[in-house]
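K.L.:
Before I ask anything, here is the structure I am working with.
Bear in mind these aren't lab numbers, they're just calculated from the coordinates by the rules spelled out. In this text the structure is predicted, and so the values were computed from the model without any measurement. All Cβ positions, glycine included, derive from the backbone under ideal geometry; neighbour counts span all protein chains shown.
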Amino acid sequence: MKIGLYMATQWREGADLGPELANLIEQVRAAKANGFASLMVGQHFLSRPLQMFQAMPLLARLATEAEGMLLGPGLLLLPLLNPVVVAEEAATMDWLTGGNFVLGLGLGYRHEEFDSIGVPFNERVPRFIEGIEVIRKLWRDPVVEHQGRFHRLGGVQASLKPRRPGGPPLWLAGDVEVAVKRAARLGDAWMPSPMVSREAAGRLGALFQEARATARLPPASEFPAIRECHVGSGTGRALDEVREPLAFKYESYASWGGDSGFVPADRIRQDFDRFAADRFLIGSQSEVVEQIEHYRETTAINHILARVQWPGLDQKTTLRTIDRLGGVIARLRR
């Protein structure tokens, strides 16, 4: 079981971002020293009431501190982006990381993002599918010919190919069955969000494997999952130690409108503890080890991307959890 750091890059409205880059650099150094296998960050646009750094420039800045770790966006909102730009930036990052780059991609779900960027929301799935086709062609083909619904490339060549032949792995998100099947056909791994319960992650992971077998594709080697994580002080009140910033994070999601994944926003508000128990890794060091072992026993997940900070959680508490997760990693290796 690998443990990675899914870095929080969001801050409350009005927060001073001056010291935050230094805090992120400190977190990456601590994660590397504690044996974390990977580093990923997310992407949104127009994220009020949260301030948010954009993924790719931030990852380029952190690549030196994360040397040797798998690094990538988890995820880019591909339908909102030009796949030529994504392909060439990802190829660049693959060289900057020594071939340790992974490209996480998703559909997006916020109408504000689509409306403001000028992409019709009902085109997001075909744009996503065609975008992946364009990216793979640019990574693979010496000369690219593509005449699609949204993109046309006539006899062009990518500025550079990725360091790895064929390009970085594609980790595709989506929390419903049709998205999981699409990830099986088009990607190299399926990456469930923190909204997906452990039971659903196991069930949908099995569906992903079945869909790859049906498509006559090789079994996936990576089964990543994003999980909120806090390793507490051992007082039995670990969730209470981070309840306010975690709840703020999910209230912010709810304020963006609609339901989050499988779970209606009203249910998250009404029974946050039960929602957290089904999805998050929160407890003492021993309890978190047990929770991760339960994932190993009941799902195919073998790479947990732990998000250990949320808007309003201080740096000292964040670093303590990273250090305690280092102990979890050591115990998982025994």
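K.L.:
Given Cβ point charges of +1 (Lys, Arg) and -1 (Asp, Glu) and nothing else, what value in debye, to the nearest 20, does the dipole of the range 83-172 about its Cα centre take?
P.N.:
That gives a dipole near 300 debye.
K.L.:
Under unit Cβ charges (Lys, Arg +1; Asp, Glu -1), what dipole magnitude, rounded to 20 debye, does the range 176-246 have relative to its Cα centre?
P.N.:
Dipole about the Cα centre, nearest 20: 360 debye.
K.L.:
Follow-up question, since we're still on this one. Would you mind listing how long the range 57-183 runs along its three principal axes, going by Cα atoms, in whole Å with the largest first?
P.N.:
On the principal axes, the range 57-183 reaches 39, 34, 29 Å in Cα extent.
K.L.:
Pull up all non-local amide H partners of L153: gap of 5 or more, or a different chain, and H-to-H distance under 5 Å with H placed in the peptide plane.
P.N.:
So L153 has HN proximity to H146, Q147, G148.
K.L.:
Long-range amide H contacts for L75: which residues qualify at under 5 Å (H placed 1.01 Å from N, peptide plane, sequence gap of 5 or more or a different chain)?
P.N.:
Here the answer is Q43, since their amide H atoms fall under 5 Å of that of L75.
K.L.:
Now for a different question. Let me make sure I get this right: for the range 165-219, a, b and c are the square roots of the gyration tensor eigenvalues over alpha carbons, sorted descending. Under 1.5 in a/c it's rounded, otherwise prolate if a/b > b/c, else oblate. Which is it?
P.N.:
In terms of gyration-tensor shape, oblate.
K.L.:
Another question, then. Work through the residues other than Y6 whose Cβ is under 14 Å from its Cβ and net out their charges, Lys, Arg +1 and Asp, Glu -1.
P.N.:
Net charge around Y6: +4.
K.L.:
Then there is this: May I ask you to evaluate 6.51 cos²θ - 1.76 cosθ + 1.60, the Karplus curve with θ = phi - 60°, for each residue of the range 94-108 and list the ³J(HN,Hα) values in order in whole Hz, giving x for glycine and proline?
P.N.:
Karplus-based 3J(HN,Hα) across the range 94-108 equals 5, 6, 5, 9, x, x, 10, 9, 10, 10, x, 9, x, 7, x Hz.
K.L.:
With a sphere of radius 14 Å drawn around the Cβ of R124, what net charge do the other residues whose Cβ falls strictly inside it have (Lys, Arg +1; Asp, Glu -1)?
P.N.:
-1
K.L.:
Can I ask one more? Please go through the range 56-153 and write out the GluC sites (Glu not before Pro) that DSSP classes as loop and that have at most 15 other C-beta atoms within 10 Å.
P.N.:
Qualifying residues, ordered by number: E67.
K.L.:
Return the lysines within reach of K249: Cα separation strictly under 27 angstrom, same-chain partners fewer than 8 residues apart disregarded; answer none if there are no such residues.
P.N.:
Reachable lysines: K2, K32, K316.
K.L.:
Bin width 10 Å, origin at 0, all Cα-Cα pairs of the chain: what percent of pairs per bin?
P.N.:
With a bin width of 10 Å, the distribution comes to 6, 26, 37, 25, 7, 1, 0.
K.L.:
Which ³J(HN,Hα) values in Hz, rounded to whole numbers, follow from the phi angles of the range 314-327 under the Karplus curve 6.51 cos²θ - 1.76 cosθ + 1.60, where θ = phi - 60° and Gly and Pro get x?
P.N.:
Rounded to whole hertz, the list is 6, 5, 4, 5, 4, 5, 4, 5, 4, 5, 5, 5, x, x.
K.L.:
Between D278 and L46, what is the label-to-label distance in nm when each label sits 7 Å out along the Cα-to-Cβ direction?
P.N.:
Reported label-point gap for D278 and L46 is 3.1 nm.
K.L.:
Oh, and also: Using the Karplus curve 6.51 cos²θ - 1.76 cosθ + 1.60 with θ = phi - 60°, what ³J(HN,Hα) values do you get for each residue of the range 45-59, in whole Hz, with x for Gly and Pro?
P.N.:
Karplus-based 3J(HN,Hα) across the range 45-59 equals 10, 6, 8, 3, x, 10, 8, 8, 6, 7, 5, 5, x, 5, 4 Hz.
K.L.:
Skipping prolines and chain starts, which residues have an amide H placed within reach, meaning under 5 Å, of the one on H303, given they are 5 or more residues away or on another chain?
P.N.:
HN-HN under 5 Å from H303: K2, F223, A225.
K.L.:
Assign unit charges at the C-beta atoms only (+1 for Lys and Arg, -1 for Asp and Glu), then state the dipole size of the chain relative to its Cα centre in Debye, rounded to the nearest 20.
P.N.:
Details: 40 positive and 39 negative charges, 175 e Å.
About 840 debye.
K.L.:
How charged is the neighbourhood of I301? Take every other residue with its Cβ under 13 Å from the Cβ of I301, and add Lys/Arg as +1 and Asp/Glu as -1. Display every interim value, and only then the final one.
P.N.:
Numbers: positive: K2, R198, R203, R227, R279, R296; negative: E199, E222, E293, E297.
Local charge sum for I301: +2.
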